[in-house]
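Participant: Provided herewith is a single structure, encoded as structure tokens, for subsequent inquiry.
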Amino acid sequence: MKIKYGGREVEVDLVDVLEAKEPWAEYKLADGTELRVRFVLGAVYRARNEYTEDGDPLYITRSQNIVVAIVPEELRKEEGDDR
């Protein structure tokens with residue numbers, strides 16, 4: 001199969017993921033907000049006949065980030081408030 005990568009089409013093979021651990025990364029901001037971020041892998045492809053500068057096979061991933069904000073009450077907009 002071919003996918004677009006770096007402005008060109010690359011011949012790739014889908015590589016099955018046998019095990020995954022996708023923990024939440026947690027960040028505390030100066031305003032008291034807590035952010036929780038999670039990277040979720042959708043698919044992994046290995047490019048045919050494409051290698052990194054170190055000689056490793058080139059892997060291309062499809063992924064998304066999930067972000068949850070836990071905001072202190074004093075920062076929240078009240079209903080009807082036109083801030």
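The values are calculated or read from the model by the stated rules, or taken from the named source; none is laboratory data. Here the structure is a predicted model, which means the values were calculated and not measured. Counting neighbours? That spans all protein chains shown, and the Cβs are built from the backbone with ideal geometry, glycine included.
Participant: So which residues in segment 57-78 are part of a loop (DSSP other than H, G, I, E, B) and modelled with pLDDT under 95, if there are any at all?
Facilitator: Arg76, Lys77, Glu78
Participant: What's the number of the only condition in (1) within 22 Å of the chain's Cα centre (by Cα); (2) without any contact (Cβ under 8 Å) to a residue 40 or more places away in the chain that Lys77 fails to meet?
Facilitator: (1)
Participant: Cβ-Cβ below 6 Å, separation at least six or inter-chain, first residue in segment 49-63 and surrounded by fewer than 10 Cβ atoms within 10 Å (Cβ to Cβ), second of a type in the set (Val, Ile, Thr) and at pLDDT 95 or above: which pairs?
Facilitator: If the second residue must be of a type in the set (Val, Ile, Thr) and at pLDDT 95 or above, no pairs are left.
Participant: Asp54 - would you say it is at pLDDT 95 or above and in contact with a helix residue (DSSP H, G or I) (Cβ under 7 Å, 6 or more places away or on another chain)?
Facilitator: no
Participant: I need the full set of residues from segment 23-48 which are among the acidic types (Asp, Glu) and either surrounded by 11 or more Cβ atoms within 10 Å (Cβ to Cβ) or modelled with pLDDT under 95 (or both), in order please.
Facilitator: Glu26, Glu34
Participant: Restricting the search to segment 24-74, which residues are over 20 Å from the mean Cα position of the chain (by Cα) and over 28 Å from Val10 (Cβ atoms)?
Facilitator: Within segment 24-74, Leu29, Ala30, Asp31, Gly32, Thr33, Val71, Pro72, Glu73, Glu74 qualify.
Participant: Could you check, for segment 6-17, whether at least one of its residues is at pLDDT below 95, surrounded by 13 or more Cβ atoms within 10 Å (Cβ to Cβ) and not hydrophobic (A, V, I, L, M, F, W, C)?
Facilitator: No - not one qualifying residue is present in segment 6-17.
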